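One structure below.
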Amino acid sequence: MSSTSNQPKKNNFLAGTANYVDERLGVAGVLKEFGRKIFPDHWSFMLGEVALYSFLVLLLSGTFLTFFFDPSMTEVVYDGVYAPLKGAHMSIAYASSLDITFEVRGGLLMRQVHHWSALLFVAAAGLHMLRVFFTGAFRKPREMNWVVGFVLFVLGMGAGFTGYSLPDDLLSGNGLRIIDGMIKGIPFIGTWISSFLFGGEFPGTSIVPRLYSLHIMLIPALILVFLAIHLVMLVVHKHTHYSGAGKKDTNIVGYPLMPVYVAKAGGFFFIVFGVIMLISSFFTINPIWNYGGYDPSPVSAGTQPDWYIGWLDGALRLAPTGMEFMIGDFTVSMNILLPLAVSLIFLALVAVYPFIENWITGDKREHHVLDRPRNAPVRTAIGAAGVMFYAILWAGASTDLIATQFKMSLNQVLTAMQISLIVLPIVSFMVTKRICLSLQRKDREVAIHGRETGRIVRLPHGEYIEVHEPLNEYELYKLVDYKDYQPTLARPNAAGKITVRARIRASLSKFYFKDRVSPATQSEIEEARHHAEEIEQEVQKAIESAK
Amino acid sequence: MSEQSKEVERSQNAGLAVIKPDAVRDPGIEPHRVRMTDKSPKHAKSAARQVALLFTLSMFGSAFALWTYFAFPINEDLNTVRQNTLFLGVGITLGLLGIGIGAIHWAKTLMPDHEVAEDRHLLASPEDKRAAAIEIINLANQESGFTRRKLIRRTLYGALALFPLPGLIIFGDLGPNPGNSLRHTIWKKGTRLARDPYGTPIKASDVTIGSVYHVVPEGLVPGTEHYLEEKAKAAVLLVRVEPDKLIETEERKSWSYQGIVAYSKICTHVGCPVALYEQHTHHLLCPCHQSTFDLVDGCKVVFGPAARPLPQLPIYVDEEGYLRAQSDFNEPVGPSFWDRSVKS
Amino acid sequence: MMQKLKRKLNGLRRSPRSVIAVLFAGLIVVGSGYTAVNASVSSERTVEYTKEDIEYGKKLFLSNCASCHGKNAEGTANGPSLIGVGAASVDFQVSTGRMPGAASGPQLQVKPVQFTEEEIHAMAAFVASLGAGPSVPDAAYLQANGDPTKGGELFRINCAMCHNAAGAGGALTEGKYAPSLDNSSPKIIYEAMVTGPQNMPVFNDANISPEEKNDIITYLVYLRESASVGGEELGGLGPVVEGLVSWFGLLGIIIAITIWLGAKSN
């Protein structure tokens, strides 16, 4: 591309700038490649974007806060403007958090923006994961990106927890106390890890500065790296799209990046930021001045972590009484280890799910058209069970608030949750699977026979029928565009042996695909249409003969 | 199952998916629906005006935020903090939402909304490229002798395995070895029980039935060295109940005084302060994970995830009537740890 | 509600006997306040109410309370003995509407008040006459003019674990709960501390001196009256409510916008 042929018009600022940049960086090629990239448009595709934008807001507001926050745990006597703490002993970290709140213009606003966007970041990431799960967007070729997204979710929880602990107030201090207690429960090395983490005995004077390093350097850097990988993979894979007429595994249907998508996505950043700002202007979050500085003796009713750590706290609460036991002289704190193990197993299952499903289906094709959740009944049901399991653990972290708000007994609420944790996921699995299958049957029915019209006709031989109106081809295609899977049998391998692996795969495939509804085929639909036409003729004949 | 679907399964490509030859044909992308703004210039013009209005609103918002920064300074009065937060926030919100909603409105009404299809290509590289890549790897292997020279390869593995270890070991000074610190508190024979946080000593006669005192060892007041670390182990709850209600083992009969008992306040689950005392049920409840302890029955666990009773602090009364500790706790306080029962 | 209160106050003003009673009671309270400063152990001191008060109180007691607490307030299976619980206890329980108690539950509930101030005063007089116990607090300690920092410290150490750091209340075992302190008057807060109603422990004057109780009241009044700097406080219930707001408020609004964003314009 020669510069002479691209001589910009003098008065065209846009072209002038483009020319300037291209002559120095050669970006025209990049723009040519990506400028008209197609992005599909659907509200559920924006959830990841919400997470991304709240992360940007976190970086912006967090940078502001670092200019005023001092993470030292050295003790000072507070001499700021907040009267009920004047003269109180506290750490510099807490005092500087109070100063940000009460003495920096816009400081409290930025604290609230930072905290609300943190809650939103993890919530949006979580909902994004659920969208990806329930639509099967994790299937080949996107398994690795699912894992990267999972890592981002875990890092988000880590960033949140390290940030929650920084103000060194009573609430966050008791949160750290719980972490310390859990760490001490780890066999062999618990007390060592605790001593290393806290720089000696709890609470010490090291933990806040250490968490601060993690919170503002290591974890955000890792998030940025994984975010970059996540987005590069997104570009490489191109976005998925929902099934519908014209949408195939071999194409992508949507709007070009420039200008439509740039305007929409760019505008959406301002909207996410604006809504966070709106909530932060009107709603208090983490009123640290109410809690006072950390002191190991007091505690507040309703001491809970932020929502994304809630499920872990809930797991701790739901452990049954008396699970600690001794091996010789050594104490095994199963009341801590069991909830820890359950949480880790749950996370591990989430991380590896795409590989499990792929192993069972053996489907090695690339999938770019998303599943409607009903068309993968067992996956959807597993997802529903997982959501239920997580939700009960999460609710478990607020047993005390549930008890007081709904006037129930704390003890009964807790016992009910322990039972629900086992029972409700199973129930929701079964119910969800049934609902999916019924919806699929209904789709099939509608695809073959058309929509019910409510018009009842009596045939000459006395039979009453309801007239069905066929769907148009676009509506029809949406209902039939999926593949069902069939269970496999455990087959002998080359050596003539049936391996355990094969047996497991066979029984899992039965579990997944025993109940299934096939999509309506062209011949089924034609046959039904033919039949409907016959009836229509019969009706016409009857009308004529009556005349 | 039909022959054909078995065929599919063996092909290793679609796995267990059933591929039907007479699947419904794809009719192609739905025809484009024309918008009002495409049909009528009047609508297009009004949409353009709306977008411009939104952008103008954003300018006003940002200007308002700038103004509030100076117009609402903050001082000793908390109302000023509220006003500063609110008005600054509202201004910025307008500034942001004006741009956001304006841009999207623009995109939705005035930019083309024809859905376009673009082809995807298989992610796997074509065979010739793959072959070339393998060729390069093989060549690199040959030239370096990576697989051929076992000694080099194995020593490299060894070196790579060892080199991160110094990086780990230098974190060794993050903290001291836990040592015996978890087994002891600053309670010792004769330490007076004092009120938290002011450190005034407590007389037995002060502790009426139904009272609860939050207690620290005398001398442990804010500002003393290792105040929080010591308090995190030494905090005690002091309660008096009717003496005949106490269920005490022989050994512990001498640990209480006329119905006054002192128990560690640090939960044996994960260490929250177990501070909720119910006067009539004599239950102590931990607000973090709801472990419940029966104070009159040696603080045994009656509910919740904790497994061990709270440790008891043996107390006595001196000639002046002050409560004093007979000794330190006779077991480690707080959350369980692996070797807590190992005598050292 | 306000009207009812006004009517009550008017009634009080109109009746000469009650004026005398109020004046007299005021004197006694002030007097006992002085004793309280000197008393090192607790608020237990006998207050002399007029004979009339006590008799009127006894009448009220017999017709309203005796069925559960016994004719001589010695207690029955349905209600504890009131001997020695003091006037403060009566004032607390009756003027919050907790007494007379309704159908059994895990704990007594706050209900509309059943008696006039005059009647409550009389019943308190009667119960105080039965045995020494905490008396109605001296107005000097209800002024909320103490040290809010000390009050905050004491509140967090002695009260926050049940009543929450912001006084929003919290759960106890088996359906019991520590109530929110948002609507409790200084007098009620003081009386609760000295009497230890229901499962609340007693905080006698040796534990928390009357001045310190005033500090705590000062802190609570400060919290209540100062502007909520961050905006709507979400009930002061902490991270759980914040989490719900972030899902159903913040994310909810944004999802509504994404649906608008993804919808085709007409």
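Restricting the stretch A:286-302 to residues that are in a helix (DSSP H, G or I) and either more than 7 Å from chain C (Cβ to nearest Cβ) or surrounded by fewer than 24 Cβ atoms within 10 Å (Cβ to Cβ) (or both) leaves a set whose member that is farthest from the chain's Cα centre (by Cα) is A:Trp289.
Rundown of residues vs (1) part of a helix (DSSP H, G or I); (2) touching a residue at least 60 places away in the same chain (Cβ under 8 Å); (3) facing chain A (nearest Cβ under 7 Å); (4) at positive phi, yes/no style:
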{"site": "C:Asn207", "(1), (2), (3), (4)": "no, no, no, no"}
{"site": "C:Lys213", "(1), (2), (3), (4)": "yes, yes, no, no"}
{"site": "C:Tyr219", "(1), (2), (3), (4)": "yes, yes, yes, no"}
{"site": "C:Gly235", "(1), (2), (3), (4)": "yes, yes, no, yes"}
{"site": "C:Leu250", "(1), (2), (3), (4)": "yes, no, yes, no"}
{"site": "C:Ile254", "(1), (2), (3), (4)": "yes, no, yes, no"}
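Within the stretch B:103-114, which residues are part of a helix (DSSP H, G or I) and more than 7 Å from chain A (Cβ to nearest Cβ)? Result: B:His105, B:Lys108, B:Thr109. The residues of the stretch C:142-154 that are within 9 Å of chain A (Cβ to nearest Cβ) and either closer than 20 Å to C:Val229 by Cβ or part of a loop (DSSP other than H, G, I, E, B) (or both), listed by number, are C:Asp147, C:Pro148, C:Thr149, C:Gly151, C:Gly152. Contact annotation: residue pairs with Cβ atoms under 6 Å, 6 or more positions apart or on different chains, pairing a residue in the stretch C:145-164 that is touching a residue at least 40 places away in the same chain (Cβ under 8 Å) and on the phi > 0 side of the Ramachandran plot with a partner that is in a loop (DSSP other than H, G, I, E, B) and not hydroxyl-bearing (Ser, Thr, Tyr), are C:Asn164/A:Ala301; C:Asn164/A:Gly302. Taking the stretch B:200-212 as the range and being facing another protein chain (nearest Cβ under 7 Å) and either under 34 Å from the mean Cα position of the chain (by Cα) or of a type in the set (D, E, K, R) (or both) as the test, the residues that pass are B:Asp206, B:Val212. The set of residues in the stretch B:242-266 being under 18 Å from B:Glu331 (Cβ atoms), part of a loop (DSSP other than H, G, I, E, B) and more than 14 Å from chain A (Cβ to nearest Cβ) consists of B:Glu248, B:Thr249, B:Glu250, B:Ser256. Elements of the type strands (runs of 3 or more DSSP E) sitting completely within the stretch B:267-323 and holding at least 2 residues that are of a type in the set (A, V, I, L, M) and surrounded by 22 or more Cβ atoms within 10 Å (Cβ to Cβ): these cover B:283-285.
Residues in the stretch A:176-207 that are more than 7 Å from every other protein chain (Cβ to nearest Cβ) and under 17 Å from A:Met157 (Cα atoms): A:Leu176, A:Ile179. Exactly one residue among B:Val296, B:Val215 is hydrophobic (A, V, I, L, M, F, W, C), in contact (Cβ under 8 Å) with a residue 12 or more places away in the chain and within 11 Å of chain A (Cβ to nearest Cβ), and that residue is B:Val215.
For the stretch A:258-285, a residue qualifies if it is touching a residue at least 40 places away in the same chain (Cβ under 8 Å), more than 24 Å from the chain's Cα centre (by Cα) and part of a helix (DSSP H, G or I), and the qualifying residues are A:Met258, A:Ser281.
Taken over the stretch C:96-133, the criterion of being of a type in the set (Ser, Thr, Tyr) and surrounded by fewer than 21 Cβ atoms within 10 Å (Cβ to Cβ) is satisfied by C:Ser104, C:Thr116, C:Ser129.
Residues of the stretch B:153-162 include none that is at pLDDT below 95, within 12 Å of chain A (Cβ to nearest Cβ) and surrounded by fewer than 17 Cβ atoms within 10 Å (Cβ to Cβ). Taken together, the criteria place A:Val81 among residues that are of a type outside the set (S, T, N, Q), farther than 17 Å from A:Leu171 by Cα and in a loop (DSSP other than H, G, I, E, B). Restricting A:Phe133, A:Phe161, A:Phe138 to those that are outside any helix (DSSP H, G or I), away from chain B (no Cβ under 14 Å) and not β-branched (Val, Ile, Thr) reduces the list to A:Phe138. Among residues of the stretch A:179-194 that are closer than 15 Å to A:Ser206 by Cα, those with a beta-carbon under 7 Å from a residue that is of a type in the set (Ser, Thr, Tyr) at least six positions away or on a different chain give the pairs A:Asp180/A:Ser194. For the stretch A:43-54, state whether one or more residues are at pLDDT 90 or above, among the aromatic types (Phe, Trp, Tyr) and either in contact with a strand residue (DSSP E or B) (Cβ under 6 Å, 6 or more places away or on another chain) or assigned to a loop (DSSP other than H, G, I, E, B) (or both). So far as the stretch A:43-54 goes, no, none of its residues is at pLDDT 90 or above, among the aromatic types (Phe, Trp, Tyr) and either in contact with a strand residue (DSSP E or B) (Cβ under 6 Å, 6 or more places away or on another chain) or assigned to a loop (DSSP other than H, G, I, E, B) (or both). Residues that are within 10 Å of chain A (Cβ to nearest Cβ), of a type in the set (S, T, N, Q) and under 23 Å from C:Gly196 (Cβ atoms) within the stretch B:267-290 comprise just one, B:Gln290.
Of the set (1) under 30 Å from B:Val342 (Cα atoms); (2) outside any helix (DSSP H, G or I), all apply to A:Pro167 but (1). Regarding B:Gln83, is this residue within 9 Å of another protein chain (Cβ to nearest Cβ) and either within 16 Å of B:Met111 (Cα to Cα) or assigned to a helix (DSSP H, G or I) (or both)? When the stated conditions are applied, B:Gln83 passes them. Looking across the stretch C:163-205 at every residue that is at the interface with chain A (Cβ under 7 Å from one of its Cβ atoms) and assigned to a helix (DSSP H, G or I), the one that is farthest from C:Gly105 (Cα to Cα) is identified as C:His163. Would you confirm whether or not the stretch A:479-502 contains a residue that is touching a residue at least 60 places away in the same chain (Cβ under 8 Å) and part of a helix (DSSP H, G or I)? Looking for residues that are touching a residue at least 60 places away in the same chain (Cβ under 8 Å) and part of a helix (DSSP H, G or I), one finds none in the stretch A:479-502, hence no. Taking the stretch A:141-158 as the range and being more than 14 Å from every other protein chain (Cβ to nearest Cβ) and of a type outside the set (Val, Ile, Thr) as the test, the residues that pass are A:Trp146, A:Gly149, A:Phe150, A:Leu152, A:Phe153, A:Leu155, A:Gly158. The condition of being away from chain B (no Cβ under 13 Å) and either of a type in the set (Gly, Ala, Ser) or under 25 Å from the mean Cα position of the chain (by Cα) (or both) holds for only one of A:Arg434, A:Arg441, that being A:Arg434. Going by what's in this entry, would A:Gly396 be described as within 11 Å of another protein chain (Cβ to nearest Cβ), closer than 28 Å to A:Gly185 by Cβ and buried (at least 16 other Cβ atoms within 10 Å of the Cβ)? It is true that A:Gly396 is within 11 Å of another protein chain (Cβ to nearest Cβ), closer than 28 Å to A:Gly185 by Cβ and buried (at least 16 other Cβ atoms within 10 Å of the Cβ). The single condition from (1) at pLDDT below 95; (2) part of a helix (DSSP H, G or I) that B:Gly95 fails is (1).
The values are calculated or read from the model by the stated rules, or taken from the named source; none is laboratory data. From a predicted model like this one, the values you see are computed outputs, not experimental measurements. Neighbour counts are summed over all protein chains in view; Cβ atoms, including those assigned to glycine, are modelled from backbone coordinates with ideal geometry.
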